[in-house]
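Notes to accompany the following structure.
The values are calculated or read from the model by the stated rules, or taken from the named source; none is laboratory data. Just so it is clear, the structure is predicted and the values come from calculations on it, not from any experiment. In this analysis, Cβ positions are derived from the backbone assuming ideal geometry, glycine residues included, and neighbour counts consider all displayed protein chains. In case anyone asks, the SASA skips ligands and DNA or RNA and just uses the protein heavy atoms, side chains included. Shrake-Rupley method; radii C 1.70, N 1.55, O 1.52, S 1.80 Å.
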Amino acid sequence: MPEQYDAIVVGAGHNGLTAAAYLGRAGLKVLVLERRDVLGGACVTEELFPGYQVSSCSYVCHLLQDKVVDDLQLYGHGLDIFPLDPFRFQPHPGGDHIFSWLDDERTQASIERISPDDARRFPEWAAFWRRAAGLLHRHFLAAPPTFEQVADEVAGTKDEAVFQRMVNGNMVDLVREHFESDVVQGAFIDAQDAGNPAAAGSIMAVAYIRCSQFTRHDHLGIPRGGMGAITQAMARSARAAGVKIRTGAQVERVLTRDNRAYGVLFSDGEIIEATTILSNADPKRTYLQLLRLGDLEPDFTARVDDYTTNATYLKFHSTWSELPDFSRFLGTDSDPKLLAQIRLCPSIDYFEQSWKDASEGRASSCPIMTIQIPTVLDNSIAPAGNHILSAWVLYAPVQVADGTWTDVRQQTGEALLDTLTEYAPNTRDAVVAWDLFTPADLEERVGLTDGNIRHLDITAAQMLARRPGYRSPIDGLYLCGAGTHPGGEVTAAPGHNAAHAVLADLGLTL
């Protein structure tokens, strides 16, 4: 007889491990199955270069929910986080720079060196984002509301105008309304998965990321040992609750009978049964690949197929024999810890061109680089005196228009090095080795449809209750990954919420 469990979680990413830990704590017999030989999904540390432990996909702990950290006792299971303050260093090719600190007054002072008028308007900017992000964050660990429900929530309050601006306004107008300096505008322009910062609803997409301002400061930073330290701590917490975890376990299909999930089939023919199945895979992979044709109604699969995965990125990794030289911005005796996180984006026009290139199928001629140098905080992950520099690069097409990503990988990586050299002239001499993960690589390595790091684009059209639900049309099958509410990043909120949906359906509580 096949071995049987109360619950099987397909995928040992951070949300899958979170869901498993909660279910285990409720007394269920739980098994987690991971396709790769290393657990963690996109939240993992890997030796990409000999002697270097690299956060290969996700790379900063800024939205991990405080409740999950406390409930799963992650610090007691080995998690240790280096604080990240300033949160970001933003140099400008003209020689100016801005630091974004956790303390708004320090950020304001940094802006004042460049533009006193913009500095005076910064508190209003910061207040807007606290209200906007707050409208989303309050629902992170709850069933997602509809847009209409949020509108009713805020009707007649000061937040009503904020919510309407989030849904209908755009980032270009918002930035220009608050700031006049090109340097300051470049530092604060953003669009996240909306891509086009002039698009209606782009404020909504940015508000999601800005929910990090509600993360407790001791939970915000760079984990010692890389991002895999988070999922290793989660795995230890889950095992302490009785959960079993198997790596190298390729699930071929979720088994169904009479519209009910009852187990999983492995690629080698093995079957394991369970009364509940949770998929940490993205919704498209779950519904369109892990189920048989005919398990779902055609209208439902058509809706799944229509979810967008257009906002894709590059992940650049490199090893350095010395730190990049930003002395023309910071002088020769600055604290290296100021370089822990860096953003390169000089202007609104530059940002808009990056998205235009990607939407037309080209690697960006204006790469927006969000860089991290974790070794200025954590000297345990690289040989003494050497450094790791990784970057998320906005934006990239899912597929290039002319040829393949394999065809353009080398020239794209070289162009990124050229961009770095504009700011740090020692780049070419200091870089020892580099690698570039394209959207195709991210799909192959981590199982992300189209290489989409948040499973589905986090846009106004795909947020709150517009995201797929935790409960599927198949009884006993649940989604617990980033494709569900509230969305991507290392939040653990989808895993938390899916587990509580399962427990509610089983009549159990923690």
**Asked** Just to be sure, is GLY263 open to solvent by less than 30 Å² (accessible area, probe 1.4 Å), closer than 21 Å to PRO283 by Cα and not β-branched (Val, Ile, Thr)?
**Response** yes
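For the range 465-481, name all the residues that are in contact with a strand residue (DSSP E or B) (Cβ under 8 Å, 6 or more places away or on another chain) and part of a loop (DSSP other than H, G, I, E, B).
Those that are in contact with a strand residue (DSSP E or B) (Cβ under 8 Å, 6 or more places away or on another chain) and part of a loop (DSSP other than H, G, I, E, B): PRO468, GLY469, TYR470, SER472, ILE474, GLY476, CYS480, GLY481.
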**Asked** Any idea which of TRP434, TRP405, TRP392 is over 26 Å from THR231 (Cα atoms) and among the aromatic types (Phe, Trp, Tyr)?
**Response** TRP405
**Message:** ASP357 - would you say it is at pLDDT 95 or above, open to solvent by less than 20 Å² (accessible area, probe 1.4 Å) and farther than 28 Å from TRP405 by Cβ?
**Reply:** no
**Inter-residue pairs, beta-carbon under 8 Å, first of a type in the set (A, V, I, L, M, F, W, C) and at pLDDT below 95 and in the range 62-77, second open to solvent by less than 70 Å² (accessible area, probe 1.4 Å) and not in a helix (DSSP H, G or I), 6+ apart** = none
**Message:** Suppose we filter ALA198, ALA161, ALA238 for residues that are farther than 23 Å from ASP117 by Cα and crowded, with 22+ Cβ neighbours inside 10 Å; which single one remains?
**Reply:** ALA238
**Asked** If only one of THR256, THR276 is over 27 Å from LEU442 (Cα atoms), in contact with a Lys or Arg (Cβ under 8 Å, 6 or more places away or on another chain), part of a strand (DSSP E or B) and modelled with pLDDT of 95 or more, which one is it?
**Response** THR256
**Prompt:** Quick one: how many residues across the range 1-27 are more than 17 Å from the chain's Cα centre (by Cα) and touching a residue at least 24 places away in the same chain (Cβ under 8 Å)?
**Reply:** 18
**Asked** Out of all the residues in the range 30-59, which are small (Gly, Ala, Ser) and on the phi < 0 side of the Ramachandran plot?
**Response** ALA42, SER55, SER56, SER58
**Request:** Name the helices (runs of 4 or more DSSP H) wholly inside the range 149-236 in which the number of residues that are under 22 Å from CYS43 (Cβ atoms) and either of a type outside the set (Lys, Arg) or modelled with pLDDT of 95 or more (or both) is 3 or more.
**Result:** 202-209
**Prompt:** Which one is nearest to ALA200 (Cα to Cα) among residues in the range 426-449 that are open to solvent by 40 Å² or more (accessible area, probe 1.4 Å) and over 15 Å from the mean Cα position of the chain (by Cα)?
**Reply:** ALA440
**Prompt:** Is it the case that PRO50 is open to solvent by 10 Å² or more (accessible area, probe 1.4 Å), touching a residue at least 24 places away in the same chain (Cβ under 8 Å) and of a type outside the set (D, E, K, R)?
**Reply:** no
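Yes/no matrix, rows are residues, columns are (1) of a type outside the set (A, V, I, L, M, F, W, C); (2) crowded, with 24+ Cβ neighbours inside 10 Å; (3) under 14 Å from ALA235 (Cβ atoms):
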| position | (1), (2), (3) |
| --- | --- |
| ILE8 | no, yes, no |
| ALA21 | no, yes, yes |
| VAL32 | no, yes, yes |
| ARG35 | yes, no, no |
| HIS62 | yes, no, no |
| ASP70 | yes, no, no |
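I want to confirm something. Restricting to the range 259-273 and keeping residues that are of a type outside the set (A, V, I, L, M) and in a strand (DSSP E or B), which single residue is farthest from ARG445 (Cα to Cα)?
Quick first cut of the range 259-273, residues of a type outside the set (A, V, I, L, M) only: 259-260, 262-263, 266-270, 273.
Keeping just the survivors that are in a strand (DSSP E or B) gives 260, 262-263, 266, 273.
Values: ARG260: 30, TYR262: 28, GLY263: 25, PHE266: 19, GLU273: 27 Å.
Once the filter is applied, the top-ranked residue is ARG260.
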**Asked** Of the residues that sit in the range 279-320 and are open to solvent by 20 Å² or more (accessible area, probe 1.4 Å) and of a type in the set (Gly, Ala, Ser), which one is modelled with the lowest pLDDT?
**Response** GLY294
**Message:** Whether any residue in the range 135-147 is open to solvent by 10 Å² or more (accessible area, probe 1.4 Å), over 24 Å from HIS62 (Cα atoms) and part of a helix (DSSP H, G or I) is what I want to check.
**Reply:** yes
**Prompt:** When both residues are 6+ apart or on different chains and their Cβ atoms are under 7 Å apart, which pairs have a first residue that lies in the range 146-161 and is closer than 19 Å to ARG130 by Cα, and a second that is of a type in the set (D, E, K, R)?
**Reply:** VAL154/GLU160; ASP159/ARG131
**Fill in**
Residue pairs qualifying under the 6 Å Cβ cut-off, at least six apart or on distinct chains, with the first in the range 271-287 being without any contact (Cβ under 8 Å) to a residue 60 or more places away in the chain and farther than 11 Å from VAL254 by Cα and the second being of a type in the set (Val, Ile, Thr) and open to solvent by less than 10 Å² (accessible area, probe 1.4 Å), are none
**Residues satisfying the stated conditions in the range 372-425, i.e. out of contact with any strand residue (DSSP E or B) (no Cβ under 8 Å at 6 or more places or on another chain), open to solvent by 10 Å² or more (accessible area, probe 1.4 Å) and hydrophobic (A, V, I, L, M, F, W, C)** = ALA384, VAL400, ALA401, TRP405, VAL408, ALA415
**Asked** What number goes with the only condition from (1) over 30 Å from ASP70 (Cα atoms); (2) surrounded by fewer than 22 Cβ atoms within 10 Å (Cβ to Cβ) that TRP129 does not pass?
**Response** (1)
